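Colleague: Pasting in a structure now, in structure tokens, and then I'll have a few things to ask.
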Amino acid sequence: MSLAQISPDIEENKVDRLAEMRKRAGNVAIPLGTAISLLLIWQLGVRLFEVPTYIAPAPTDVLAVFKNEFPLLLRNFWPTLVESLSGFVVGNLAAILIAVAFVHSRTIEKAFFPIAVFINTIPILAIAPILVLIFGAGMTAKVVIAALICFFPTLVNMVRGLQSVSPQTLELARILSASKSEVFWKIRLPSSLPFLFSALKIAATTCVIGAIVGEWIGADVGLGALIIDSTFNFRSPLLYATVFVSSGLSVLLFTAVTVAEKLVIRW
Amino acid sequence: MSVQHLVDVADTHPHQDLASRNVAACLSGASVKFGSFTALEDISLEIGEGEFWTILGPSGCGKSTMLRLVSDLVPAAKGNVEILGKTTEAARLAREFAFVFQDATLLPWRSALQNVELPLEIGRKRGVRIPHSDKSPRELLALVGLNGREDALPHELSGGMRQRVAIARALVCKPKLLLMDEPFGALDEMTRDHLNLQLRDIWRETGVTILFVTHSIPEAVFLGQKVLMLRANPGRVKEVINVDLPAKREIALRETPEFNRYCGRLRQLLEEC
């Protein structure tokens, strides 16, 4: 191939890459621009109609809190992070193990599934005080609440995932005279992973809700406690900042699960 | 009645020694029932080692059920099935046979090579003695024309390629009997032709006995040394036809009058079913 033939290819490649970059820039710029515009409208609205700060603070007020009260926010961020993560691990682990037991034995499923449904139907706000009474005002109650809120979606998804193996694949396993444990480790468990990750994505955001609800009931540290505290003291900018930090925590956990999913599930 | 058709065994497989003809699979008066429904009734057949049988019949005549009976996936309600002188269960445990499904049935998280290796892994930790082909899994993938795609995941392969991985997987434990349930049924015409030729080559090279279910008359004639015609309600042996065509088969064979005569005869039999 002569040089003259190659160079148009390179040209074309360059054009392709430019178009690709422009597309990617657009993917970031459009949502970012929208968000900034909304913040501007909010700022203008608050200033124009002279809304008192304790009713609705301007974005700049909230930003000032981030600048001045950052240590306070951070001090309350860590306990909530630890509670959310612990709840995430405990709740999902319990759900996975119970799902395995359900798939292994129909009797266990018949015995315990209605109970699992019943527990799931109790509103988390109703059960949280009970758990605080049982486990006290420490971290344990919050971890249990966070775990409880993660538990049910993962249980249901994991059971479905473990049962998602096609009948033909099971026939293949039978022709190879595979044992029950080989079917589990080599076929059922990997088959369930996409279902498990969908559940973990739900759990990544709900575990934060669980931890914060737990902190509302009785705690002196944590983002939930800070929300209650700033509400009662009419410190609206701090309240808004805390809410942003809470949702940031959820986004962080969700992103972590998404990245893990990309690494684990390549099919 | 069916055994009578087997008397005039005359074919030209390179590995077949007519004097010492061993039986790969033997069905005697075998029936299969699903509840009160009789899927197969009184099937008696002797399939010689190294033979290539194709199975035809109207839909619902129990073609697939017959493969499932031979492979110990469904039990015989009556009669008896033996594979190389063993019960089907013993043959299954000894990996005497392998199965290729209509769908490739690959594990999506395993690469092509890892899928071929799966049968060697099952039972290894339990100390099961697993027979293996003289060819390595890598060589088997090359045999089905997939060299260079060892690390591809199933979703990165075309339907025909996936089915070829399934064939390589079936060969990895050096089966004496290969059971194929419409393996090319979902593929396009060109891919199917190509795989038919490749399967003939693999058969001639390995000397494996093949039972091949299909619903295509030309495919049955092109591949088989013998065509077993089943009839429906209940599934019974209608006829066994010897296909006396040259051992070296090429696509052009389909244009010959002999080939079309076989197709015509089978079509007629199918209509009578």
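Colleague: Can you tell me which residue is farthest from A:Ser164 (Cα to Cα) among those in segment B:83-109 that are buried (at least 19 other Cβ atoms within 10 Å of the Cβ) and of a type in the set (D, E, K, R)?
Modeller: B:Glu96
Colleague: Looking only at segment A:239-260, filter to residues that are among the aliphatic types (A, V, I, L, M) and farther than 23 Å from A:Ala225 by Cβ; which one of those is surrounded by the most Cβ atoms within 10 Å (Cβ to Cβ)?
Modeller: The qualifying residue surrounded by the most Cβ atoms within 10 Å (Cβ to Cβ) is A:Val257.
Colleague: From the list A:Phe135, A:Phe184, A:Phe197, A:Phe152, pick out the single residue that is within 29 Å of A:Pro79 (Cα to Cα), surrounded by fewer than 18 Cβ atoms within 10 Å (Cβ to Cβ) and in the same structural domain as A:Val259 (by TED's automatic domain parsing).
Modeller: A:Phe135
Colleague: (1) touching a strand residue (DSSP E or B) at 6+ places or on another chain (Cβ under 6 Å); (2) within 14 Å of chain A (Cβ to nearest Cβ); (3) touching a residue at least 60 places away in the same chain (Cβ under 8 Å): which one isn't true of B:Thr54, the others all being true?
Modeller: Of (1) touching a strand residue (DSSP E or B) at 6+ places or on another chain (Cβ under 6 Å); (2) within 14 Å of chain A (Cβ to nearest Cβ); (3) touching a residue at least 60 places away in the same chain (Cβ under 8 Å), only one is false for B:Thr54: (2).
Colleague: From the list B:Leu270, B:Leu245, B:Leu199, B:Leu266, which one is assigned to a helix (DSSP H, G or I) and farther than 30 Å from B:Lys33 by Cα?
Modeller: Matching residue, one of B:Leu270, B:Leu245, B:Leu199, B:Leu266: B:Leu199.
Colleague: Picking from A:Ala211, A:Ala225, A:Ala219, A:Ala204, which residue would you name as being over 22 Å from the mean Cα position of the chain (by Cα) and crowded, with 19+ Cβ neighbours inside 10 Å?
Modeller: Only one candidate qualifies: A:Ala219.
Colleague: Tell me which residues, restricted to segment A:132-190, are away from chain B (no Cβ under 11 Å), among the aliphatic types (A, V, I, L, M) and within 30 Å of B:Leu179 (Cβ to Cβ).
Modeller: Within segment A:132-190, A:Leu162 is the sole residue that qualifies.
Colleague: Inside segment B:138-171, can you point out the residues that are of a type in the set (Asp, Glu) and in a loop (DSSP other than H, G, I, E, B)?
Modeller: B:Glu150, B:Asp151
Colleague: Please go through segment B:141-156 and give me each residue that is within 15 Å of B:Leu195 (Cα to Cα) and either of a type in the set (Lys, Arg) or surrounded by 19 or more Cβ atoms within 10 Å (Cβ to Cβ) (or both), ordered by number.
Modeller: Correct list: B:Leu141, B:Leu143, B:Val144, B:Leu146.
Colleague: Can you name the residue in segment A:224-267 that is more than 14 Å from every other protein chain (Cβ to nearest Cβ) and touching a Pro at 6+ places or on another chain (Cβ under 7 Å) and, of all such residues, is nearest to A:Leu193 (Cα to Cα)?
Modeller: Ranking the candidates gives A:Tyr240 first.
Colleague: One residue is enough: does segment B:183-200 have a residue meeting the conditions touching a residue at least 12 places away in the same chain (Cβ under 8 Å), within 13 Å of another protein chain (Cβ to nearest Cβ) and crowded, with 20+ Cβ neighbours inside 10 Å?
Modeller: Yes - at least one qualifying residue is present in segment B:183-200.
Colleague: Count, please, the residues in segment B:95-120 that happen to be within 9 Å of another protein chain (Cβ to nearest Cβ), part of a loop (DSSP other than H, G, I, E, B) and more than 20 Å from B:Ser136 (Cβ to Cβ).
Modeller: 6
Colleague: Counting just the residues of segment B:71-82 that are away from every other protein chain (no Cβ under 11 Å) and not acidic (Asp, Glu), which one comes out surrounded by the most Cβ atoms within 10 Å (Cβ to Cβ)?
Modeller: Filtering first and then ranking leaves B:Val81.
Colleague: Something else: Taking segment B:30-39 as the search range and keeping residues that are farther than 18 Å from B:Phe97 by Cβ and under 21 Å from the mean Cα position of the chain (by Cα), which one is surrounded by the fewest Cβ atoms within 10 Å (Cβ to Cβ)?
Modeller: Looking at residues that are farther than 18 Å from B:Phe97 by Cβ and under 21 Å from the mean Cα position of the chain (by Cα), I get B:Ser31.
Colleague: Name the one entry in B:Lys135, B:Lys174 that is of a type in the set (D, E, K, R), part of a loop (DSSP other than H, G, I, E, B), more than 10 Å from chain A (Cβ to nearest Cβ) and touching a residue at least 40 places away in the same chain (Cβ under 8 Å).
Modeller: Of B:Lys135, B:Lys174, the one residue that is of a type in the set (D, E, K, R), part of a loop (DSSP other than H, G, I, E, B), more than 10 Å from chain A (Cβ to nearest Cβ) and touching a residue at least 40 places away in the same chain (Cβ under 8 Å) is B:Lys174.
Colleague: If you don't mind, another one. Given the conditions (1) away from chain B (no Cβ under 14 Å); (2) touching a residue at least 24 places away in the same chain (Cβ under 8 Å), report the number of the one that A:Leu193 does not fulfil.
Modeller: (1)
For every residue, the table says whether it meets (1) away from every other protein chain (no Cβ under 14 Å); (2) out of contact with any strand residue (DSSP E or B) (no Cβ under 8 Å at 6 or more places or on another chain); (3) aromatic (Phe, Trp, Tyr).
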| residue | (1), (2), (3) |
| --- | --- |
| B:Leu157 | no, yes, no |
| B:Met161 | yes, yes, no |
| B:Thr214 | yes, no, no |
| B:Gln225 | yes, no, no |
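Colleague: Against the condition under 30 Å from A:Gly222 (Cα atoms) and in a loop (DSSP other than H, G, I, E, B), how does A:Pro71 come out, does it pass?
Modeller: So A:Pro71 does not fit the description; no.
Colleague: Just one of (1) away from chain B (no Cβ under 14 Å); (2) not in a helix (DSSP H, G or I); (3) not β-branched (Val, Ile, Thr) trips up A:Ala203, so point out which.
Modeller: The single condition A:Ala203 does not satisfy is (2).
The values are calculated or read from the model by the stated rules, or taken from the named source; none is laboratory data. Computed from a predicted structure; not experimentally measured. Neighbour counts run over all protein chains shown; Cβ positions are idealised from the backbone, glycine included.
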